[in-house]
Amino acid sequence: MEHDTPRAGRLCSAGVSDLGSSMVPPRRDCESDPAQAGSAAGERGATATPAAGAPESRWFKNFLDRIWLVHLASAGFGIAILTLLVVGAVQYRAIQALVVTDAWVAHTYSVLFEIEGFIAGLQGAESASRNYVLTGEDFFLERYDESVADLHEHLRAVRKLTVDNPEQQGNLDRYEPLIQRKLALMQALIRTRRERGIGPAAAMIQQGEGMRLMDPIRSGVETMTAEEKRLLESREPASRMRAHRADVAVTVGGILALGTLIVVTRLLFLGGRERRRAELEIRQLNERLEQRVAERTAQLDSATRELEDFAYSLAHDLRTPLRAIDGFSQALAEDHGDKIGPEGRESLRRVCEAAHHMGELIDCLTGLAHLTRQELEPGTLDLSALAASIVQELRKAEPGRKVEVVIAQGASAQGDPRLVELALRNLLDNAWKFTGKQPEARIEFGVRAHKGKPVFFVRDNGAGFDMAYANKLFGNFQRLHHQSEFAGHGIGLATVEKAIRRHGGRIWANGEVGKGAMFSFTL
């Protein structure tokens, strides 16, 4: 099977590999010249002659100095790391203790907030019930229900927050029945007002049962609040003390670490002269290497331009004899066709077809060279509209064919308009061509998501291909069907692969013989 465009004179392939860079090993001239070597050695003291009567040479002294600096720097780093570890451990413990203490302080404030919340809810419920008795408005019943709901929510929160405090749990056990009795009294008051009117309800209020229940409840709230404040008074000083200890640990640790780093930095500065000399040598070597790379790149660019000029010149020179072959063959068939007979005329026809085919291949290869050189001009592309336009051209070229074409709406991408159109045109041309023998041909262009990125595809129910030969689809001049079955040049999909690869995407295919093919690609 050969998936490519069947039209003559069109750019058919982009699968020819780019001109590879020839890597020429650079000369190993990293050795310094004798003068430089002598200078460097003089700086190191390696070539100095020992003075008469000296206990050791300068070379040996410098060697000992370097060894001493290396060991001293290593010891300094070890001390710095050990100091940081110790300080980090102390800081961790201090901060952990501070976090625990602050959590208890915050817990106490939460309990106080919830206590205030449930007493406020109880007072709100009492106020709403009394207002309902006076006015009979249902609005106050809604306020009453909201206050009761808040009361129960805050009570549950207090019960949960003080689960580790037996004294507060006991207070709740003592005062919750009083609260329930208070709520039951308010319910009875509301029911009396609704069923019997304001007089009996007012009489219930005047009996003072609500006030007698409210006094011990307030006393209980004051008891619980006092207990939490007592806990808060014991926890806040501890929190401040631990915060102070954490600050001291951070400060002392920072001073020790900074002092150690200063000492190590000083040692490294003293021992860094050799490193700076080595860096200077490496920089000089890199500069020479960059110069050689620039020279080789210029030579490669020049060779590439020469090859391109040669390719264009060769294509131009080949077209002239091809036109001559085609012209003389046609003239021979027209002027002497009766003398050469039917077999001769058929041979001349095949010569003309071969010349035309050769001209189309030259056009394809010339276009391929242009494709590999042109700069990308990316923009936002409406692939759905582009596919619809290509299909419309295909229908005009073969108006007698009935092909069902489905194009997904809203497919868009970023890419070079010329290359993306070239790739999509080749894929749709292939689908159109290889469904030519199907009585109910169907072509689909769509998009799906894969790992958060769009994947575009062209699917048909045409001739298909054997997946065993899928690796040949995108090669140059690779065909899986004979020319007599489906016309083409064998480089259409190579064109598509090259255009997609220039966008940093990839293309792959799935198919089955006689059941069609699907080509998927990303941009």
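The values are calculated or read from the model by the stated rules, or taken from the named source; none is laboratory data. A quick note: this is a predicted structure, and the numbers were derived from the prediction, not measured. Heads up, the Cβs are rebuilt from the backbone with ideal geometry, glycines too, and the neighbour counts pull from every protein chain shown. What goes into the accessible areas is simple: the full protein's heavy atoms, side chains included, and nothing from ligands, DNA or RNA. Shrake-Rupley method; radii C 1.70, N 1.55, O 1.52, S 1.80 Å.
At-a-glance table
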quantity: Single unsatisfied condition, Asp150 versus (1) closer than 30 Å to Ala106 by Cα; (2) in contact with a helix residue (DSSP H, G or I) (Cβ under 6 Å, 6 or more places away or on another chain); (3) open to solvent by less than 50 Å² (accessible area, probe 1.4 Å); (4) not aromatic (Phe, Trp, Tyr); calculated: (3)
quantity: Residue in segment 156-163 that is open to solvent by less than 50 Å² (accessible area, probe 1.4 Å) and at pLDDT below 85 present; calculated: no
quantity: Single condition Ala201 does not satisfy, out of (1) more than 30 Å from Thr101 (Cα to Cα); (2) surrounded by fewer than 18 Cβ atoms within 10 Å (Cβ to Cβ); calculated: (2)
quantity: Test for Val447: is it of a type outside the set (D, E, K, R), open to solvent by less than 50 Å² (accessible area, probe 1.4 Å) and either touching a residue at least 24 places away in the same chain (Cβ under 8 Å) or over 22 Å from Lys498 (Cβ atoms) (or both); calculated: no
quantity: Residues located in segment 378-412, provided they are within 15 Å of Gly446 (Cβ to Cβ), in a strand (DSSP E or B) and not acidic (Asp, Glu); calculated: Val405, Val406, Ile407, Ser412
quantity: Matching residues, segment 229-261, being open to solvent by 80 Å² or more (accessible area, probe 1.4 Å) and within 30 Å of Glu126 (Cβ to Cβ); calculated: Lys229, Arg230
quantity: Candidate set: segment 204-222, residues that are over 25 Å from Phe140 (Cα atoms) and surrounded by 15 or more Cβ atoms within 10 Å (Cβ to Cβ); chosen: the one farthest from the chain's Cα centre (by Cα); calculated: Gly220
quantity: Any chance Ala226 is within 58 Å of the chain's Cα centre (by Cα), surrounded by fewer than 18 Cβ atoms within 10 Å (Cβ to Cβ) and modelled with pLDDT of 85 or more; calculated: yes
quantity: Test: residue in segment 191-212 that is modelled with pLDDT of 80 or more and of a type in the set (Ser, Thr, Tyr); calculated: yes
quantity: Candidate set: segment 82-109, residues that are under 17 Å from Arg230 (Cβ atoms) and surrounded by 15 or more Cβ atoms within 10 Å (Cβ to Cβ); chosen: the one farthest from the chain's Cα centre (by Cα); calculated: Thr108
quantity: Selection count where residues are exposed (fewer than 13 other Cβ atoms within 10 Å of the Cβ) and either at pLDDT below 75 or touching a Ser or Thr at 6+ places or on another chain (Cβ under 6 Å) (or both), scope segment 302-311; calculated: 5
quantity: Top-ranked residue of segment 468-522 - restricted to ones that are outside any helix (DSSP H, G or I), aromatic (Phe, Trp, Tyr) and farther than 23 Å from Leu381 by Cα, ranked as modelled with the lowest pLDDT; calculated: Phe477
quantity: Options Ala463, Ala441, Ala408: the member that is open to solvent by 10 Å² or more (accessible area, probe 1.4 Å), among the hydrophobic types (A, V, I, L, M, F, W, C) and either more than 29 Å from the chain's Cα centre (by Cα) or closer than 15 Å to Arg506 by Cα (or both); calculated: Ala463
quantity: Residue under evaluation Ala431, criteria (1) among the hydrophobic types (A, V, I, L, M, F, W, C); (2) within 19 Å of Phe465 (Cα to Cα); (3) part of a strand (DSSP E or B), criterion not met; calculated: (3)
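Residues are listed down the side, and each one gets a yes or a no for (1) open to solvent by 60 Å² or more (accessible area, probe 1.4 Å); (2) modelled with pLDDT under 80:
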{"site": "Asn286", "(1), (2)": "yes, no"}
{"site": "Arg292", "(1), (2)": "no, no"}
{"site": "Asp317", "(1), (2)": "yes, yes"}
{"site": "Thr320", "(1), (2)": "yes, yes"}
{"site": "Ile325", "(1), (2)": "yes, no"}
{"site": "Asp338", "(1), (2)": "yes, yes"}
